[in-house]
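So the structure is just underneath, and the comments pick up after that.
The values are calculated or read from the model by the stated rules, or taken from the named source; none is laboratory data. The shown structure was predicted, so the numbers you read here are calculated from the model rather than taken from an experiment. Positions of Cβ are backbone-derived with ideal geometry, glycine not excepted, and every protein chain shown enters the neighbour counts.
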């Protein structure tokens with residue numbers, strides 16, 4: 001006799017109602033959610049034990065539902081594929097206060113669930129999201145406070161930069177007058193034979209020149225920050241520029257008994273860019289190398305590079321000086337940064353030279369990077385476009 005075969009679907013046995021309810025409660029409790037069932041008229045007819053725990057501040061689940069129902073957004077209506085009746089779908093967040101304590105619920109209309117209800121009841125899934133909501137609000141307030149603080153700092157920085165940029169004429173004019181008069185007094189003292197006054201007058205001139213250079217550097221930084229720094233683009237010889245900078249630095253290099261070596265690769269000559277700013281970049285890097293190197297070697301090596309469909313000029317300035325620690329390198333290009341206070345006392349300076357180098361490189365669509373080892377030396381690599389744009393002809 002042939003044995004009748006039963007399909008897997010036919011072999012399944014529908015669990016009794018109390019077992020189905022227990023299964024649902026176990027599944028929802030494990031993820032911290034609760035379940036309720038509504039009749040078609042909106043009355044709450046069933047609630048899981050978890051929901052009763054979540055709403056223990058209310059006299060009953062029904063009382064909780066009256067408070068919640070008033071804050072729900074209208075769910076969408078769609079036909080139920082099981083019974084073709086209208087079911088509601090959607091999610092709402094309701095913020096309630098009971099007994100002086102806040103509680104936030106997320107209520108999700110999931111439609112009809114015929115497997116767990118005899119009639120076509122509307123099933124709700126309820127979660128207590130108070131902690132999550134409070135955390136999100138605190139994070140939002142914190143971010144708003146950070147944004148406000150950032151905006152205030154940026155506004156203060158812009159105000160400072162605008163003030164300094166606008167003070168250019170007022171600061172430089174009297175200093176130039178002081179320097180000019182000091183030079184005239186030096187000449188008069190020499191003609192009158194007052195040799196004892198020449199040295200003192202020379203100190204006045206030197207101090208005035210130093211202060212003028214410092215103010216000019218600060219003003220240059222401010223102009224870059226406020227977008228008022230303009231580029232004077234002309235065609236110039238990089239070879240001639242390197243020679244002029246090296247000549248300017250001869251006394252500083254000799255002061256610490258250093259040797260300066262300069263190399264320009266064949267074919268690297270003409271550039272189109274801002275000659276004054278390129279000169280300032282090289283001067284700042286080489287003067288730093290001369291200041292921090294004693295009885296050593298300073299090198300400037302210029303080469304060409306074709307990268308990213310563009311021609312570049314690479315200037316490497318290296319020295320055998322004191323070098324920098326890894327944590328110092330990260331801050332070298334910040335305004336007024338010094339490696340440490342002992343550096344300021346021993347070598348002087350304001351910490352603006354490398355900041356200017358960084359700003360000018362970026363202004364000319366290039367960049368500057370550094371590698372260094374303490375006690376071994378440093379290497380600064382400047383990368384600038386060989387042709388920034390078409391040359392601006394005088395009077396054009």
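Those residues that are within 30 Å of residue 80 (Cβ to Cβ) and either at pLDDT 90 or above or assigned to a strand (DSSP E or B) (or both), I need them from segment 111-155; list them, please. The answer is 111, 112, 122, 123, 124, 125, 126, 127, 128, 129.
Of the helices (runs of 4 or more DSSP H) that lie entirely inside segment 326-396, those containing 1 or more residues that are under 28 Å from residue 239 (Cα atoms) and modelled with pLDDT under 85 span 353-363.
Given the options 204, 179, name the one that is surrounded by 13 or more Cβ atoms within 10 Å (Cβ to Cβ), within 23 Å of residue 276 (Cβ to Cβ) and in contact with a helix residue (DSSP H, G or I) (Cβ under 9 Å, 6 or more places away or on another chain).
179
Is it the case that residue 242 is farther than 17 Å from residue 360 by Cβ, surrounded by 16 or more Cβ atoms within 10 Å (Cβ to Cβ) and modelled with pLDDT of 90 or more? Judged against the criteria, residue 242 is not a match. Evaluate the following for residue 53: is it exposed (fewer than 13 other Cβ atoms within 10 Å of the Cβ), assigned by TED's automatic domain parsing to the domain that holds residue 98, outside any loop (DSSP other than H, G, I, E, B) and at pLDDT 55 or above? Considered against the rule, which asks whether it is exposed (fewer than 13 other Cβ atoms within 10 Å of the Cβ), assigned by TED's automatic domain parsing to the domain that holds residue 98, outside any loop (DSSP other than H, G, I, E, B) and at pLDDT 55 or above, residue 53 comes out as yes.
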